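Structure record follows, encoded as structure tokens.
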Amino acid sequence: MSGLERLPDLELADHTGEPRRLSEIVGGDPAIVQTYRGPWCPKEQRHFRRLVELQDELEVAYCRMVSISVDPPPVAYAFRAGLGARWTFLCDPDRRAQAELGLRESTDTEHDPYVPAVFVVRPDLSVARHYDGYWFVGRPTNDELIADLRALSAELRPDWDAPAA
Amino acid sequence: MSTWLAAVAEVPGGAWASATLHDGHGRPAGFLAAWQAERRPVAGALRCDPRALDPGGEAAEAWLLVLDHRVLFDDPAVQRGRQLLLAHGGFDAVTTLTRDASTFGGALCAWRGRWAPADPFAAVAPARRGRVGPGLVAAGPPLLPSAIVERYGGQPWPLDRFPVS
């Protein structure tokens, strides 16, 4: 699968239809970039329940999250709302970014979805860790993601050692 | 340099942007004015996210909350308001207002659509609904940090980068 060392600065519509750049969404923080098949996939449904639990920790951890699929904005908007997700979903219905990333799941010719994958990236979009989620157990647990984000935060935060007196 | 926002009876000189303010019944209610300055330009001015403002912006409807008592940003009702904004969006411009590094001074949440989004900080205190004339409110929708509710170094949320020291 993908041997990406750095994600391209994709420009895609978000779940509201507004064009967004991946670098803007990641900002200056460690980030989780997740690609997923679609709301119809039971594995995605289970994985998203895990990520929704994680968002309560990320929202106070200065770590960001973004999910990408081939769904158009109205579908992504509805899926996101139903999950109770508060992070940004990006939409690639014409599969332009999917081709650029090389992440089309070639075994599903009905949906042509994204390969399920999780990238833990730095603000410059370089990939610190990559998980291949084609098999469900290949996906990271929340504990694994926290460990990855801890390592990246230690690398990126100049005040990682608490300034105590 | 900080950006400051205040509701004033007349626009003082030196404002970077300003607009008329009418209350929910269409009655004149003074002005909203913004400044870019190191120090508080007028009594009652509060720090805000400059991305919510634009001197060339069109008129907008708004929820304006300016508190006259101390509420901490860490108050659960303030946290919940930020979560609601991340979850539901619907605004063209959003900024919280800071009285100091830890005190929530209120918020300006503006929209141009036909339907009024819910007041996100209603659990803190009910906001005033008003109409802000041309010359102040940025075009939207805003890019909110995906999906962080914490503030970056005491700045107004949703500013999403730590200040460069």
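How would you rank A:102-114, B:133-145, highest first, on the average number of other Cβ atoms within 10 Å across their residues?
Highest mean packing first, the order is B:133-145, A:102-114.
Once the Cα atoms of helix A:73-83 and of chain A are each reduced to a long axis, what angle between those two axes, in degrees from 0 to 90 to the nearest 10, is obtained?
The angle comes out at about 60 degrees.
Please report, to one decimal in angstroms, the Kirkwood hydrodynamic radius of the protein assembly as shown built from all distinct Cα-Cα pairs.
For the protein assembly as shown, inverting the mean 1/r across all distinct Cα pairs yields 20.9 Å.
Given 20 °C and 1.002 mPa s, compute D for chain B with the Stokes-Einstein relation, Rh being the Kirkwood radius over Cα pairs; round to the nearest whole µm²/s.
138
Order the peptides B:109-117, B:55-63 from the highest to the lowest mean number of other Cβ atoms within 10 Å of their residues.
Result, highest mean first: B:55-63, B:109-117.
What size of dipole, in debye to the nearest 20, comes out for segment B:1-125 about its Cα centre when the only charges are +1 on Lys and Arg C-beta atoms and -1 on Asp and Glu C-beta atoms?
Charge dipole, segment B:1-125, about its Cα centre: 100 debye, nearest 20.
Starting from the exponent 0.38 and prefactor 2.2 Å, build the expected Rg for segment A:126-165 from its residue count and divide its actual Cα Rg by it.
Cα-based Rg divided by the globular estimate yields 1.55.
By how many degrees, 0 to 90 and rounded to 10, does the Cα axis of helix A:142-156 deviate from the longest principal axis of chain A?
For helix A:142-156, the angle is close to 50 degrees.
Once you have the alpha carbon radius of gyration of segment A:18-165, what is it after dividing by 2.2 N^0.38 Å, with N set to its residue count?
Cα Rg divided by the expected 2.2 N^0.38 Å: 1.05.
Pick from B:Arg151, B:Arg80, B:Arg70: which is most flexible by mean-square fluctuation in a GNM of chain B where alpha carbon atoms under 10 Å apart are linked?
B:Arg70
Taking only Cα atoms, what is the 0 to 90° angle, nearest 10, from helix A:42-58's long axis to the longest principal axis of chain A?
30
Determine the relative contact order of chain A: mean sequence separation of Cα pairs under 8 Å and six or more apart, normalised by residue count, in whole percent.
28
Could you work out the helix-only [θ] at 222 nm for chain A, with each DSSP H run of four or more residues adding -39,500 (n - 2.57) and the total divided by the number of residues, to the nearest 500 deg cm²/dmol?
Computed ellipticity for chain A at 222 nm equals -10000 deg cm²/dmol.
Looking at segment A:1-140, send over the antiparallel percent of its DSSP beta bridges, to the nearest 5.
Taking every DSSP beta bridge within segment A:1-140, about 65 percent pair in antiparallel fashion.
Could you work out the mean count of beta carbons from other protein chains within 10 Å of each residue's beta carbon in B:141-154?
6
For chain B, what relative contact order do you get, as a whole percent, if you take Cα pairs closer than 8 Å and at least 6 residues apart?
Rounded, it is 29 percent for chain B.
Bear in mind these aren't lab numbers, they're just calculated from the coordinates by the rules spelled out. Predicted model, so just to flag it, every value in this text is computed and none were measured. Because the Cβ atoms are built from the backbone with ideal geometry, glycine has one as well, and the counts that use them run over all protein chains shown.
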